Amino acid sequence: MRVAVVTGGSSGIGAALAHRLAERSYHCVLIARGRERLELLAGETGCEAEVCDVADRAAVEAAARRIGERHPAVHLLVNNAGVPGRAGFLELEPERIEEVMRINYLGGVWCLRAFLPLLEAGAPSAVVNVASVAGTVSGGPSGPYSASKHAQVAFSRTVSAELAPRGIRTVTVNPGLTDTEGFPQDRFLDHPVWRHAVVSAERVAAAIVAALDSGRGEIFVPGYYRAATALQGLAPGTVTRLASRRPPGRYTRDR
Ligand SMILES: NC(=O)c1ccc[n+]([C@@H]2O[C@H](COP(=O)([O-])OP(=O)(O)OC[C@H]3O[C@@H](n4cnc5c(N)ncnc54)[C@H](OP(=O)(O)O)[C@@H]3O)[C@@H](O)[C@H]2O)c1
């Protein structure tokens, strides 16, 4: 039996991935902070639920110990838990800027370190880091979120060289606009052109499973977002100006 640990498994991309992995005979352990929803989804998919805040290093280490007592080997860790910022460096509350960094970036670091012995026991195994196109393109109205995702992309790309000799491969996943509960995209979905750029959580989950099958190390979902990243390297000033234009409409379902 292959065991997968999916952080942020109670909603959006993590929940869609839990369904896909269960179909592929993975036994999943889902991690999130909110117990009720986590246990509901775990019950629906035959997964285990483990309540844990990935930003809390001691809590992550304790959760990994508990999971290790039940499963001596883990074959897949998906660092997916994340929160939005949706305001700039000058507007967002300082506490939220810290929280965004602790969850989106450090959460993955603490999970990888805590689950490393179990991933080594399960080798050949894999770590998937769900980052973002916002981690490869600078600009736009959500600077603190983008900065946390840049840190996560750098973590994911660099740690792959440390993990490879241990029999653990790394997949960096950079989704674009994905309509989920935590990241509602209604202002784009209401726009005649932008709505075509919005994808579903199920599409991202399918792309992650395909990347695991194909052996790719980094993917963009949809793939055309890679062009924006290439342009960022070639003409960073232009990309920053374009990305910083006001997005269409207003969010009506923001939280
Ligand atoms: N949706 C997009 O447009 C988009 C685009 C690019 C990248 N991403 C990335 O994709 C990932 C998943 O996002 P999503 O759109 O699926 O969002 P979502 O629907 O809000 O799901 C987020 C999940 O993470 C969990 N979570 C949040 N903070 C946590 C913490 N401190 N500890 C443990 N679990 C935590 C949430 O549960 P609890 O709140 O109960 O803990 C929930 O299960 C995130 O890393 C996000 O940055 C999203």
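The values are calculated or read from the model by the stated rules, or taken from the named source; none is laboratory data. Keep in mind it's a predicted model, so treat the numbers as computed, not measured. Here Cβ is always computed from backbone atoms with ideal geometry, including for glycine, and neighbour counts include all displayed protein chains. Surface areas here come from the heavy atoms of the whole protein model, side chains and all, with no ligands, DNA or RNA. Shrake-Rupley method; radii C 1.70, N 1.55, O 1.52, S 1.80 Å.
Amide H of Phe220 versus every other amide H placed in the peptide plane: which residues, excluding those fewer than 5 positions away on the same chain, fall under 5 Å?
Result for Phe220 returns Asn174.
To the nearest 10 degrees, how steeply does helix 12-23 sit against the main Cα axis of the chain, on a 0 to 90 scale?
The answer is roughly 40 degrees.
For the charge dipole of the chain, defined by +1 on Lys and Arg C-beta atoms and -1 on Asp and Glu C-beta atoms about the Cα centroid, which residue among Asn129, His27, Ala4 has the Cα displaced farthest towards the positive pole?
Of the options given, the answer is Asn129.
Counting only protein heavy atoms and using a 1.4 Å probe, what share of the accessible area of the chain belongs to carbon plus sulfur, as a whole percent?
Details: 6490 of 11990 Å².
Carbon and sulfur together cover 54 percent of it.
Under 5 Å between amide H atoms, partner at least 5 residues away or on a different chain: which partners does Thr170 have, H built in plane at 1.01 Å?
The list, which skips near neighbours in sequence, is Val127.
Would you mind putting 88-99, 155-166, 120-131 in packing order, based on average other-beta-carbon counts within 10 Å, highest first? Walk me through the intermediate numbers first.
On the way: 88-99: 12.8, 155-166: 15.1, 120-131: 21.3.
In decreasing order of mean packing, 88-99, 155-166, 120-131 become 120-131, 155-166, 88-99.
What is the gain in length, in nm to one decimal, between Arg65 and Leu242 on full extension, counting 0.36 nm per residue of separation less the C-alpha to C-alpha distance? Kindly include the intermediate steps, with their values, before the conclusion.
Details: separation 177, 0.36 × 177 = 63.72 nm, distance 4.62 nm.
Length gained, Arg65 through Leu242: 59.1 nm.
Report, in degrees rounded to the nearest 10, the 0 to 90 angle that the Cα long axis of helix 225-234 makes with the longest principal axis of the chain.
Result, in degrees: 60.
Lone cysteines in the chain, going by a 4.7 Å Cβ-Cβ cut-off?
So, Cys52, Cys111.
Under the rule of -39500 (n - 2.57) per DSSP H run of 4 or more residues, summed and divided by the residues of the chain, what mean residue ellipticity at 222 nm is obtained, to the nearest 500 deg cm²/dmol? Walk me through the numbers before you get to the answer.
Values: 10 runs with 117 residues, N = 255.
Theoretical 222 nm ellipticity from helices: -14000 deg cm²/dmol.
With θ set to phi - 60° and the Karplus curve 6.51 cos²θ - 1.76 cosθ + 1.60, what are the ³J(HN,Hα) couplings of segment 206-217 in order, to the nearest whole Hz, using x for Gly and Pro?
In residue order, the calculated couplings are 5, 5, 5, 4, 5, 5, 5, 5, 8, x, 6, x Hz.
Just to check I understand the Karplus step: with θ = phi - 60° and J = 6.51 cos²θ - 1.76 cosθ + 1.60, what whole-Hz values come out for segment 139-156, glycine and proline as x?
x, x, x, 10, x, x, 5, 4, 5, 5, 6, 4, 4, 5, 5, 4, 4, 5
Only four residue types carry charge here, +1 at the Cβ of Lys and Arg and -1 at the Cβ of Asp and Glu. Report the dipole size of the chain about the Cα centre in Debye, rounded to the nearest 20. Walk me through the numbers before you get to the answer.
Details: 29 positive and 25 negative charges, 130 e Å.
Dipole about the Cα centre, nearest 20: 620 debye.
Among Val173, Phe183, Val60, flag the residue with its Cα farthest along the positive direction of the charge dipole of segment 2-243, charges on Cβ as +1 for Lys/Arg and -1 for Asp/Glu.
Farthest towards the positive end: Val173.
Given H placed 1.01 Å from N in the peptide plane, which residues other than close sequence neighbours of Ala49 have an amide H under 5 Å from its amide H?
Leu30
Can you tell me the accessible area per residue over the chain, all protein chains present, probe 1.4 angstrom, in square angstrom?
Details: 11990 Å² over 255 residues.
In whole numbers, the chain has 47 Å² accessible per residue.
So what is the relative contact order of segment 2-243, in percent, for Cα pairs below 8 Å that sit 6 or more residues apart?
Reported relative contact order: 19 percent.
What does the charge add up to near Leu212, with Lys and Arg as +1, Asp and Glu as -1, over the other residues with Cβ less than 12 Å from its Cβ?
+4
By the scheme Lys and Arg +1, Asp and Glu -1, what is the net charge of all other residues having a beta-carbon under 11 Å from that of Glu39?
Values: positive: Arg35, Arg37; negative: Glu36, Glu44, Glu48, Glu50.
My count for the surroundings of Glu39 gives -2.
Taking the dipole about the Cα centre of the chain, with the C-beta of Lys and Arg at +1 and of Asp and Glu at -1, give me whichever of Ser214, Gly46, Leu77 is farthest to the positive side.
Ranked along the dipole, the leading option is Ser214.
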